[in-house]
Amino acid sequence: MNRLALFIPLALFAALSVVLLLGLDKDPQELPSALVGEPFPEFFLPRLEGDQAIVSREDFRGQVLLVNVWATWCFACRIEHQKLNSLAEQGVVIVGLNYKDQRAEAKLWLYERGNPYQFNIFDAEGSLGIDLGVYGAPETYLVDGDGIIRHRRVGVVDDRIWDAEFKALYQELTGVSQ
């Protein structure tokens, strides 16, 4: 019996090694979302651009769009912003979700870097972010004309990510080639 006990650590090591090896092919940026295939969450929040204007998911129903979670405190958002400006110039509709930020700083940030957003949802407390399951910024959601989330990306959307993850699905949903 004592000799058998000597093999227990070896067996545990082998089992753990197999589990870890199976996970090596996973992309750490690919975080599954329970909301893909589900309606965009209902919300009633102010616009960043004006204190009194309230927006809801009905404000973008009927159009295919990207919802981009961003903030002035997010360094990666600075990297991504040029691509978003480019996409907006090409006609891609983008709605911003300004996440846990300061209104004045966010408005200045857009003034200095350009504003690719059709409008910005101001989520100072992060309530919509919680409903979306946001890990942080940037995150981007592709929403179809029926308000269904079709794809989610955690991290920067650049040329490579747009081409690999969004472009074909966007073209399929809109019938417009980019």
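The values are calculated or read from the model by the stated rules, or taken from the named source; none is laboratory data. Computed from a predicted model, the values in this text were never measured in an experiment. Note: ideal-geometry Cβ built from the backbone for every residue, glycine included; neighbour counts use all protein chains shown.
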Pair list, Cβ under 6 Å, 6 or more apart: region 45-70 residue closer than 19 Å to Glu125 by Cβ, other residue among the acidic types (Asp, Glu): Leu45/Asp123; Arg57/Glu42; Val69/Glu139
Please specify each residue of region 64-88 satisfying the condition of being among the polar types (S, T, N, Q) and not in a loop (DSSP other than H, G, I, E, B). Asn68, Gln82, Asn85, Ser86
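Condition check ((1) over 29 Å from Val157 (Cβ atoms); (2) modelled with pLDDT under 70; (3) within 19 Å of the chain's Cα centre (by Cα)) across all residues:
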residue	(1), (2), (3)
Ser17	yes, yes, no
Pro28	no, yes, yes
Pro32	no, yes, yes
Val36	no, no, yes
Pro46	no, no, no
Gln52	yes, no, no
Leu65	no, no, yes
Trp70	no, no, yes
Phe75	no, no, yes
Flagged pairs (Cβ under 6 angstrom, 6 or more apart or on separate chains; first in region 140-159, within 16 Å of Gly129 (Cα to Cα) and at pLDDT 95 or above; second surrounded by 20 or more Cβ atoms within 10 Å (Cβ to Cβ) and polar (S, T, N, Q)) are Thr140/Asn68; Arg153/Thr140
Filtering region 120-155 for residues that are β-branched (Val, Ile, Thr) and surrounded by fewer than 18 Cβ atoms within 10 Å (Cβ to Cβ) leaves a count of 2
